[in-house]
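The values are calculated or read from the model by the stated rules, or taken from the named source; none is laboratory data. Everything numeric in this text was worked out from a predicted model, so none of it was measured. Because the Cβ atoms are built from the backbone with ideal geometry, glycine has one as well, and the counts that use them run over all protein chains shown.
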Amino acid sequence: MSYAYAAVAHHVSRLIVTAGACPLDEDGVVVAVGDVAGQTERVMTNLRLALQAAQADLTDVIKTTVYVSSHRREDLHAAWSVVRRHFGDHDPPGTLLGVAVLGYPHQLVEVEAVAALP
């Protein structure tokens, strides 16, 4: 598995820093309870919406941090696989962490991102 360790943002005029995108639906309810991949799908949808609100998209992301509330590597891999699929050929450096707990009841995944625009 290849891994991007660094990104260089040349001629940046705008830096966009997102809070952690959570697996919440339009009513603020955690979706896909117990399903790491399902929650990650919603997280990535919500992250893309946050970026688009700032006139950016996933292709502008230069760094991610993926938090998974699990001690199982299989769960971390499941989340990372969904994140990587959403980024496609764009490969920003990212950090993947297993953590004890996240902010919402039943929340398993959260993704932060930093994007740069010329």
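List of remarks:
- If you go through segment 1-34 and pick out every residue that is touching an Asp or Glu at 6+ places or on another chain (Cβ under 7 Å), under 17 Å from THR59 (Cβ atoms), of a type in the set (Gly, Ala, Ser) and in a loop (DSSP other than H, G, I, E, B), you end up with 1.
- Entry remark, segment 101-118: residues being over 17 Å from PRO23 (Cα atoms) and out of contact with any helix residue (DSSP H, G or I) (no Cβ under 7 Å at 6 or more places or on another chain) number 2 in total.
- Options ALA37, ALA32, ALA21; residue that is closer than 20 Å to VAL99 by Cα, free of Cβ contacts under 8 Å to residues at least 24 places away in the same chain and among the aliphatic types (A, V, I, L, M): ALA32
- Residues in segment 98-118 that are exposed (fewer than 12 other Cβ atoms within 10 Å of the Cβ) and either in a strand (DSSP E or B) or modelled with pLDDT under 95 (or both): PRO118 only.
- Long-range neighbours under 7 Å by Cβ, at least six apart or interchain, first residue within 13 Å of ARG48 (Cβ to Cβ) and touching a residue at least 12 places away in the same chain (Cβ under 8 Å) within segment 72-88, second buried (at least 18 other Cβ atoms within 10 Å of the Cβ) and among the β-branched types (Val, Ile, Thr): VAL82/THR40; VAL83/THR40; VAL83/THR64; VAL83/VAL66; VAL83/VAL111
- Looking only at segment 35-61, and only at residues there that are small (Gly, Ala, Ser) and either in contact with a Leu (Cβ under 7 Å, 6 or more places away or on another chain) or in a helix (DSSP H, G or I) (or both), the one that is surrounded by the most Cβ atoms within 10 Å (Cβ to Cβ): ALA56
- Options THR18, THR59: the member that is hydroxyl-bearing (Ser, Thr, Tyr), closer than 15 Å to GLU110 by Cβ and either touching a strand residue (DSSP E or B) at 6+ places or on another chain (Cβ under 9 Å) or modelled with pLDDT of 95 or more (or both): THR18
- Selected residue [over 15 Å from ALA7 (Cβ atoms) and either touching a Phe, Trp or Tyr at 6+ places or on another chain (Cβ under 8 Å) or surrounded by fewer than 20 Cβ atoms within 10 Å (Cβ to Cβ) (or both)] from HIS86, HIS90: HIS86
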